[in-house]
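Visitor: Below is the structure I would like to discuss, written out as structure tokens.
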Amino acid sequence: MKRLKLGIIGGGPGSWIGHVHRIASRFDDKYEIVAGVFSRNYKINQSFGTSIGIKKNRCYKNYKDLCYSEKKIKNGIDVVSIMTPPGSHQEIAELFIKNNIHVISDKPFAGSLPQAKKLYKTIKSNKKIVYGLTHNYSAYPMVRHAKKLVEDKKLGNIEYINVEYVQDWSNGKKVTPGSAKKIFKWKLDKKIAGVSTVLNEIGSHAYHLCNYITGLKGKSLFADIKQYSKKIKFDTNAQVFINYENGAKGLFWASTTAKGGVYGLRIRIFGSMGSLEWVQNDPNYLKYNAANGATKVLERGFNESGFSKNFSRIKYGHPEGYLSAFSNLYKEIASKINSKNSKKRFYFPTAYEGLLTARFIDGCVKSSFKKKWVAF
Ligand SMILES: NC(=O)c1ccc[n+]([C@@H]2O[C@H](COP(=O)([O-])OP(=O)(O)OC[C@H]3O[C@@H](n4cnc5c(N)ncnc54)[C@H](O)[C@@H]3O)[C@@H](O)[C@H]2O)c1
């Protein structure tokens, strides 16, 4: 398998997710980072790029410059990774897709539903490119195992899906209109953060996980979205009732103002034969409660959790987590790019999953505004 040449957009010094992508891309030696635009500021971009070993002439002024210049050179990039804020995902991804460069993008798929629809159309119109979306929680071994248990009907028919992703972005500090811009930065600005900050930033992960594990699509919803305060206006908390296509009921909560919330992503799925529970902070375990039996704690890579071994690198009993799950996505996308077998199944999140999540977010915003149930 050849090592893919990777370009990076975003993820400059001090960014949240930049180093995670860089580590994930190198974890299995499938990529080599050769070009980038790590910041809008050219000076920062050049000094950062060269500090991680990129040649000066391949630290570009902006993403357009990167795309057109890399297209012209021999051995230019095969794939680009996008880790800029949500509002720019669509326009950046589309340029690379149209230029036959594979795309890995961080979530959300796009900043809004109109952007998502446009991007989806462009992706579908170019069969030559691979597009992968880094909803990384879907790549944890025990999440993959949960998906397999649902597919194997071990839970029977899915009846209830309960997900929550609760955080506290203030870090316990008092937030005032004066300090808000410093603390939340672009997350206050809809043009950059997209249609709803809490839903695009963390709600997208939570809703995606429900679809990913159960394979079910939502049909209608009722949402109540809260703003930070009367003076600090951006979406910070969302509670949603969801009806799924098979009649299952969903309860969803995403919050960035839940004091003491520490990346608390928890999902519980109840079927006619039993239930599953997975918690991101303790990711090596999956709880399985049979309707007519005792609770089992399934451990990653151990005994009957054999399927999870396919997505794991470290022996059971040793903690494995966020970085290796993220790396699974990079590994799988590289494998798809290099694969000649069109029938092979891949597990990384797709553009279609991104579109479903954008529909959900759009529905939540409309429902909360109208105070009504909406179809989505
Ligand atoms: N998958 C995950 O677990 C996860 C976690 C955190 C963030 N994210 C996502 O990653 C994206 C970035 O979030 P973040 O928290 O790292 O943001 P951030 O503000 O910490 O970093 C953004 C970086 O992108 C750079 N940038 C912005 N616009 C650019 C442009 N047009 N060209 C080049 N560089 C540009 C900035 O200079 C900065 O270095 C968002 O979409 C966010 O939702 C995903």
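Read the figures in this text as sums done on the coordinates, not as results from a lab. No experiment lies behind these values; they were computed from the predicted model shown. A quick note on method: Cβ atoms are made from the backbone with ideal geometry, for glycine too, and the neighbour counts reach across all protein chains shown.
Visitor: From zero up to wherever the largest Cα-Cα distance of the chain sits, split into 20 Å bins and tell me the percent of pairs in each.
Guide: 28, 59, 13, 0
Visitor: Quickly estimate the mean residue ellipticity at 222 nm for the chain, helices only: each DSSP H run with n ≥ 4 gives -39500 (n - 2.57), and the total goes over all residues, rounded to 500. Each step should come with its number before you reach the end.
Guide: Numbers: 11 runs with 124 residues, N = 376.
The per-residue figure over the chain is -10000 deg cm²/dmol.
Visitor: Now for a different question. List the trypsin sites (Lys or Arg not before Pro) within segment 133-201 that fall in a DSSP loop (any state other than H, G, I, E or B) and whose Cβ has at most 14 other Cβ atoms within 10 Å. Display every interim value, and only then the final one.
Guide: On the way: sites: R144, K147, K148, K153, K154, K173, K174, K181, K182, K185, K187, K190, K191; in loops: K153, K154, K173, K174.
When the trypsin sites (Lys or Arg not before Pro) of segment 133-201 are filtered for loop state and at most 14 Cβ neighbours within 10 Å, K153, K173, K174 remain.
Visitor: Counting Lys +1, Arg +1, Asp -1, Glu -1, what net charge surrounds A358 among other residues with beta carbon under 12 Å of its beta carbon?
Guide: Details: positive: K107, K117, K118, R359; negative: E353, D362.
Local charge sum for A358: +2.
Visitor: Find the relative contact order for the chain and round it to a whole percent, using C-alpha pairs within less than 8 Å whose residues are 6+ positions apart.
Guide: On the way: 816 pairs, mean separation 75.2, N = 376.
Worked out over the chain, it gives 20 percent.
Visitor: Can you tell me the FRET efficiency between K231 and D282 if r is taken as the Cβ-Cβ distance and R0 is 45 Å, rounded to the nearest 0.05?
Guide: Working: r = 38 Å, r/R0 = 0.84.
The pair K231/D282 has a calculated efficiency of 0.75.
Visitor: Roughly what would the spin-label model give for N303 and D152, points 7 Å off Cα along C-beta, in nm?
Guide: 1.4
Visitor: Give me V37, V175, V262 ranked fewest to most by other Cβ atoms within 10 Å of their Cβ, as a rough exposure proxy. Show your work: numbers first, answer last.
Guide: Numbers: V37 26, V175 17, V262 10.
By the 10 Å Cβ count, ascending, the order reads V262, V175, V37.
Visitor: With each pseudo-label sitting 7 Å past Cα toward Cβ, what's the N310-F241 distance in nm, one decimal?
Guide: Distance between label points: 3.8 nm.
Visitor: Within segment 293-368, which trypsin sites (Lys or Arg not before Pro) sit in a loop by DSSP and count at most 15 neighbouring Cβ atoms inside 10 Å? Let's see the in-between values first.
Guide: Values: sites: K296, R300, K309, R313, K315, K331, K336, K340, K343, K344, R345, R359, K366; in loops: R300, R313, K315, K340, K343, K344, R345.
For trypsin sites (Lys or Arg not before Pro) across segment 293-368 that sit outside H, G, I, E and B with at most 15 neighbouring Cβ atoms in 10 Å, the list reads R313, K315, K340, K343, K344, R345.
Visitor: Right, next: When the chain is fully extended, how far beyond the present Cα-Cα distance does T176 get from K71, taking 0.36 nm per residue of separation? Kindly include the intermediate steps, with their values, before the conclusion.
Guide: Numbers: separation 105, 0.36 × 105 = 37.80 nm, distance 4.70 nm.
Stretched out fully, the T176 to K71 stretch lengthens by 33.1 nm.
Visitor: Just in segment 1-84: which chymotrypsin sites (Phe, Trp or Tyr not before Pro) are loop by DSSP and have at most 15 other Cβ atoms within 10 Å? Numbers along the way, then the final one.
Guide: On the way: sites: W16, F27, Y31, F38, Y42, F48, Y60, Y63, Y68; in loops: W16, F38, Y60.
For chymotrypsin sites (Phe, Trp or Tyr not before Pro) across segment 1-84 that sit outside H, G, I, E and B with at most 15 neighbouring Cβ atoms in 10 Å, the list reads W16.
Visitor: Suppose we keep just the DSSP beta bridges with both residues in the chain; what percent of those would be antiparallel, to 5?
Guide: Numbers: 42 of 68 bridges.
If I count the DSSP bridges inside the chain, around 60 percent turn out antiparallel.
Visitor: Quick check on my link table: of K124/K372; K98/K127; K5/K56; K128/K336, which ones sit more than 22 Å apart, alpha carbon to alpha carbon?
Guide: Numbers: K124/K372 33 Å; K98/K127 11 Å; K5/K56 16 Å; K128/K336 11 Å.
Exceeds cut-off: K124/K372.
Visitor: To continue, here is another question. In a shell of Cβ-Cβ distance under 10 Å around S368, excluding S368 itself, what net charge do Lys and Arg (+1) and Asp and Glu (-1) give?
Guide: Values: positive: K226, K366, K370, K371, K372; negative: D224, D235.
With Lys, Arg at +1 and Asp, Glu at -1, the neighbours total +3.
Visitor: If you don't mind, another one. Which value in nm describes the separation of the simple spin-label points at K2 and K343, placed 7 Å from the Cα toward the beta carbon?
Guide: Using points 7 Å along Cα→Cβ, the separation is 2.7 nm.
Visitor: Given a Förster distance of 35 Å, report the FRET efficiency between M273 and H318 from their Cβ-Cβ distance, rounded to the nearest 0.05. Could the numbers behind the result be given before it?
Guide: On the way: r = 32 Å, r/R0 = 0.90.
So, using R0 = 35 Å, E works out to roughly 0.65.
Visitor: If I stretch the segment between N100 and S125 completely, what's the gain in nm (0.36 nm per residue apart, minus their alpha carbon distance), one decimal? Working shown, then result.
Guide: Working: separation 25, 0.36 × 25 = 9.00 nm, distance 1.11 nm.
Extending this stretch completely gives an extra 7.9 nm.
Visitor: Only Cα pairs under 8 Å and at least 6 apart count here; give the relative contact order of segment 1-135 as a rounded whole percent.
Guide: Working: 239 pairs, mean separation 28.9, N = 135.
Here the relative contact order equals 21 percent.
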